[in-house]
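Report on one structure; see the data block that follows.
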Amino acid sequence: MNFLMCSVGRRGELLKDFRSSIASGSKIIATDLSPYAPALYFADKYYIVPPITDSDYLDNLQEICRKEKINAITTFIDPEIEILSAHRCEFEQLGVEVLAPYEQTAKCCFDKYLMFQYLFEKGIPTVMTWGSIDDFEAALKNKKVSFPVFVKPRKGSGSVGARKIADLGCLKKAVQEDDSLIIQEYMNCTDLDADVYIDTISHQAVSAFSKRKLETRIGGASKTVSFKDEKLFEFIRQICSAFKFNGPVDMDFFYHDGQYYLSEINPRFGGAYLHAYGAGVDFIRLIENNLRGIENEPLFGNYDDNVVMMMYDSVVIKKI
């Protein structure tokens, strides 16, 4: 099996995990727009490609798929997910499985206000969200929300621009400076996430690894501790039944007064999937099974509680 990993950036540890799990003779091909993306150098072969906004970008990927006999493609950045999803049929004609959600689900996951509206319509508990300052002020007047609140870009990625706001004056200033911001109730409670694998044959959630966040930096959690709760696993199955995912996803949750609330979904390998893999939850084997036409049986909770992940810095030294 040959895997094409797009926009790999700094995700060298994930490529190392792939290397440990894939069958002998399988290859990892990586792409990035910069030769200074360290994860490139953990692949069997790499390509420097144009930015994802370039008109030739898709042609580049498809040519790599043909040349390297790629069996599955995925990306490590949110803005590229919609590109792969929108061109799924073209990749499938090349015999390539797109490990990304189907197009409408991809659009919903990238647009956080659209996601809120969809979850609200489906009755899935989520964080209350307002798409405009006028709607927020109406809710404030009716005492449906109070300060502090949380703002973030409607289509942002990596927690950029996300922050707590203390009062109405600061909120109005923030929205005036950046009209892409959405406004959310501030959840002063347990923050956690889950890595979930959705089988590409059955399209059912078949595995999940949940963890509480002990420390978060820009871009995601850097210290986490594992836990298991069948109530959360059932909530995850409910969420997945409302979307059309395909492969790995990363879900963020809050837990407040005995209730789980879905915050957002990144339909790709999460930055902290390394924790799941290190605790023995191997999505890479599940992917290989699917590529061989084997439907994975659901298996939740096949890991230990209180396994801690602690990220640290490392480097690649390479003459290029």
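Just so you know, in segment 229-243 the residues that are in contact (Cβ under 8 Å) with a residue 60 or more places away in the chain and surrounded by fewer than 17 Cβ atoms within 10 Å (Cβ to Cβ) include one that is farthest from Phe110 (Cα to Cα), and it is Glu230. Within segment 148-160, is even one residue part of a helix (DSSP H, G or I) and either outside the structural domain of Phe235 (by TED's automatic domain parsing) or of a type outside the set (A, V, I, L, M) (or both)? Looking for residues that are part of a helix (DSSP H, G or I) and either outside the structural domain of Phe235 (by TED's automatic domain parsing) or of a type outside the set (A, V, I, L, M) (or both), one finds none in segment 148-160, hence no.
The criterion of being at pLDDT 95 or above and in contact with a helix residue (DSSP H, G or I) (Cβ under 9 Å, 6 or more places away or on another chain) holds for Tyr303. Within segment 26-53, the set of residues being under 23 Å from the mean Cα position of the chain (by Cα) and among the acidic types (Asp, Glu) comprises just one member, Asp32.
Selection of first residues in segment 116-134 that are over 16 Å from Cys240 (Cα atoms) and of second residues that are surrounded by 15 or more Cβ atoms within 10 Å (Cβ to Cβ) and among the small types (Gly, Ala, Ser), restricted to Cβ pairs under 7 Å at least 6 apart or on distinct chains, gives the following pairs, ordered by first then second residue: Val127/Ser263; Trp130/Ala139.
Is at least one residue of segment 41-56 among the aromatic types (Phe, Trp, Tyr) and out of contact with any helix residue (DSSP H, G or I) (no Cβ under 9 Å at 6 or more places or on another chain)? Checked segment 41-56: no residue is among the aromatic types (Phe, Trp, Tyr) and out of contact with any helix residue (DSSP H, G or I) (no Cβ under 9 Å at 6 or more places or on another chain). Of all residues in segment 72-108, those satisfying the criterion of being out of contact with any Cys (no Cβ under 9 Å at 6 or more places or on another chain), in contact (Cβ under 8 Å) with a residue 60 or more places away in the chain and buried (at least 17 other Cβ atoms within 10 Å of the Cβ) are Ala72, Glu97, Val98, Leu99, Ala100, Tyr102, Thr105, Ala106, Cys108. Take the conditions (1) over 21 Å from Asp199 (Cβ atoms); (2) touching a residue at least 60 places away in the same chain (Cβ under 8 Å); (3) of a type outside the set (Ser, Thr, Tyr); Ile317 misses just one of them, which is (2).
Candidates Cys170, Cys189: the one that is in contact (Cβ under 8 Å) with a residue 40 or more places away in the chain and farther than 25 Å from Ala100 by Cα is Cys189. The residues on offer are Ala23, Ala30, Ala72, Ala39, and the sole one that is more than 15 Å from Phe269 (Cβ to Cβ) and either out of contact with any strand residue (DSSP E or B) (no Cβ under 8 Å at 6 or more places or on another chain) or not acidic (Asp, Glu) (or both) is Ala23. Restricting Ile239, Ile294, Ile265, Ile317 to residues that are on the phi < 0 side of the Ramachandran plot, outside any strand (DSSP E or B) and under 20 Å from the mean Cα position of the chain (by Cα) narrows the list to Ile239. If only residues of segment 173-226 that are within 20 Å of the chain's Cα centre (by Cα) and acidic (Asp, Glu) are counted, the one that is surrounded by the fewest Cβ atoms within 10 Å (Cβ to Cβ) is Glu215.
The values are calculated or read from the model by the stated rules, or taken from the named source; none is laboratory data. The model shown is predicted, which means the values in this text are computed figures rather than measured ones. Virtual Cβ from ideal backbone geometry, glycine too; neighbours counted across all protein chains shown.
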